[in-house]
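Engineer: The structure that follows is given in the form of structure tokens.
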Amino acid sequence: MDYLAYDRVHRRVWVPAGNTGSVDVIDVDSDRVTRVEGFPTAAIERNGTRRVVGPSSATIGDGVVYVGNRGDGSVCTIDAVSLQRGACIRLESAPDGLAYVAATKEVWATLPHDRAIAIVGTDTTGRLVQSGTLRLDGQPEGFAVDDSRRLFYTNLEDADRTLTIDVDRRQVIRTRKSGCGAAGPRGLALDVALDVLFVACTDRVVAFNAEADGPPLSAIVVGAGLDNIDYVEGRRELYAAAARSATLTNARLGADRMLTSVAVRATAAGARNAVATDDGTAYVTDSAAGAILVLPAPGLPGTAR
């Protein structure tokens, strides 16, 4: 399991479940899981290991959820209420991350193999169409969207850079050094009100001024094996699940834009890629066990499960 998504309107966590050829949808109020099936899968070999891939990313759109599939290189829609599958489109290569850009009503899909971003919209009949391709100087990894400023952020994992892209002009307008080293940057998150961009390295999260060059504002070490991150702006709280250290770090962003650790809790070996609800409950992928770990916010009633 890779990129999860949380639908704040319908209070559902969307879990693309890879090799099962399905997407699991968790109702956060009842813990009920509904499975949406029938997505193609494919067997691939990577670093000498053969594995089955399928749906691996999701993003919440306007009344629909978009799902990216490594099995056939597609992006498909699912109705956010009925959970019925809808239209699909095939891209030139397998999508990694998906991000819905509400300002332009588009889905931006990162394509690391092609060093590009595919931009998907709809035509007058509602059919999905690829309206453009943005070529980059490296492999895009991670994303964050600022709809108010009409900006898209992504990293170049193989170049240790973080890009700011104007979504209207579809042009890179700022390139900054991420400072993650040879392993490269991974996930991204954003605090729009405080103008802070969070860049995940493989063992730490670094906070930058989102719209100006300069040194980091602050940073926090979270343990080895970090990939994607999440941030709940209403709580000013960051969620970073480190797979190798088997921990979830909760960190708070102060008004001074400094990150401070709030809690570090045990998860499971390999658990990563947390998403969080508005009350601070974190959902973390545990692919080895075929499970999602649920950790309530520190200080709130409830136990991890």
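Engineer: Could we say that N250 is on the phi > 0 side of the Ramachandran plot, touching a residue at least 12 places away in the same chain (Cβ under 8 Å) and assigned to a strand (DSSP E or B) here? Show your work before the answer.
Structural biologist: Details: on the phi > 0 side of the Ramachandran plot: no; touching a residue at least 12 places away in the same chain (Cβ under 8 Å): yes; assigned to a strand (DSSP E or B): yes.
No, not satisfied.
Engineer: Now, a different point. When L4 is evaluated against the numbered criteria (1) within 14 Å of the chain's Cα centre (by Cα); (2) without any contact (Cβ under 8 Å) to a residue 12 or more places away in the chain, which criterion, by number, is the only one it fails?
Structural biologist: Every listed condition holds for L4 apart from (2).
Engineer: Go through D79, D123, D114, D96 for me and flag whichever is of a type in the set (D, E) and touching a Phe, Trp or Tyr at 6+ places or on another chain (Cβ under 9 Å). Can you show your working first?
Structural biologist: Details: D79 fails: touching a Phe, Trp or Tyr at 6+ places or on another chain (Cβ under 9 Å); D123 fails: touching a Phe, Trp or Tyr at 6+ places or on another chain (Cβ under 9 Å); D114 fails: touching a Phe, Trp or Tyr at 6+ places or on another chain (Cβ under 9 Å).
Every option except D96 fails the conditions.
Engineer: As an exercise: evaluate G270 against (1) part of a loop (DSSP other than H, G, I, E, B); (2) closer than 18 Å to V13 by Cβ; (3) within 19 Å of the chain's Cα centre (by Cα) and give the number of the one condition it does not meet.
Structural biologist: For G270, the failing item is (2).
Engineer: Also, I was wondering about something else. Just to be sure, is V221 surrounded by fewer than 20 Cβ atoms within 10 Å (Cβ to Cβ), among the β-branched types (V, I, T) and touching a Ser or Thr at 6+ places or on another chain (Cβ under 7 Å)?
Structural biologist: Against the criterion (surrounded by fewer than 20 Cβ atoms within 10 Å (Cβ to Cβ), among the β-branched types (V, I, T) and touching a Ser or Thr at 6+ places or on another chain (Cβ under 7 Å)), V221 does not qualify.
Engineer: Please find, among G290, G280, G254, the residue that is farther than 16 Å from A200 by Cα, out of contact with any Gly (no Cβ under 7 Å at 6 or more places or on another chain), surrounded by 15 or more Cβ atoms within 10 Å (Cβ to Cβ) and not hydroxyl-bearing (S, T, Y).
Structural biologist: Values: G290 fails: surrounded by 15 or more Cβ atoms within 10 Å (Cβ to Cβ); G254 fails: surrounded by 15 or more Cβ atoms within 10 Å (Cβ to Cβ).
Of the residues listed, the single one that is farther than 16 Å from A200 by Cα, out of contact with any Gly (no Cβ under 7 Å at 6 or more places or on another chain), surrounded by 15 or more Cβ atoms within 10 Å (Cβ to Cβ) and not hydroxyl-bearing (S, T, Y) is G280.
Engineer: What pairs come out if I take residues in the range 131-156 that are acidic (D, E) and at pLDDT 95 or above and pair them with residues that are part of a strand (DSSP E or B) and surrounded by 23 or more Cβ atoms within 10 Å (Cβ to Cβ) whose C-beta lies under 6 Å away, six or more apart or interchain?
Structural biologist: Correct list of pairs: E141/N155.
Engineer: Also, quick follow-up: State all residues of the range 146-173 that are part of a loop (DSSP other than H, G, I, E, B), under 18 Å from R115 (Cα atoms) and either in contact with a helix residue (DSSP H, G or I) (Cβ under 6 Å, 6 or more places away or on another chain) or of a type in the set (K, R) (or both); if no residue qualifies, say none. Before you say what the answer is, go through the steps one by one.
Structural biologist: As a first pass, look at the range 146-173 and keep what is part of a loop (DSSP other than H, G, I, E, B): 147-150, 157-160, 167-170.
After this cut, where a residue has to be under 18 Å from R115 (Cα atoms) as well, the list is 157-160, 167, 170.
Hit for the range 146-173 is R170, nothing else.
Engineer: Please identify the pairs in which a residue from the range 206-230 that is at positive phi and at pLDDT 95 or above has its Cβ atom under 7 Å from the Cβ atom of a residue that is in a loop (DSSP other than H, G, I, E, B) and of a type in the set (D, E), counting only partners at least 6 apart or on another chain.
Structural biologist: Cβ pairs passing all conditions: G223/D203.
Engineer: Could I ask something else about it? Quick test of your reading of the structure: R176 fulfils all but one of (1) farther than 18 Å from G214 by Cα; (2) in a strand (DSSP E or B). Name the failing condition by number.
Structural biologist: (1)
Residue-wise test of (1) out of contact with any Leu (no Cβ under 7 Å at 6 or more places or on another chain); (2) hydroxyl-bearing (S, T, Y); (3) within 16 Å of G280 (Cα to Cα); (4) not in a strand (DSSP E or B).
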{"position": "A193", "(1), (2), (3), (4)": "yes, no, no, yes"}
{"position": "V205", "(1), (2), (3), (4)": "no, no, no, no"}
{"position": "P215", "(1), (2), (3), (4)": "yes, no, no, yes"}
{"position": "A224", "(1), (2), (3), (4)": "yes, no, no, yes"}
{"position": "N228", "(1), (2), (3), (4)": "yes, no, no, no"}
{"position": "A241", "(1), (2), (3), (4)": "no, no, yes, no"}
{"position": "R244", "(1), (2), (3), (4)": "yes, no, no, yes"}
{"position": "V262", "(1), (2), (3), (4)": "yes, no, yes, no"}
{"position": "R265", "(1), (2), (3), (4)": "no, no, yes, no"}
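Engineer: State which residue is nearest to the chain's Cα centre (by Cα) when the search covers only the range 179-191 and only residues that are among the aliphatic types (A, V, I, L, M) and part of a loop (DSSP other than H, G, I, E, B).
Structural biologist: Initially, the range 179-191 is screened for residues among the aliphatic types (A, V, I, L, M), giving 182-183, 188-190.
Now drop any that are not part of a loop (DSSP other than H, G, I, E, B), which leaves 182-183.
Working: A182: 21, A183: 18 Å.
Here the answer is A183.
The values are calculated or read from the model by the stated rules, or taken from the named source; none is laboratory data. This structure is a prediction, so every number in the text was calculated from the model and none was measured. Cβ: placed from backbone, ideal geometry, glycine included. Neighbour counts: every protein chain shown.
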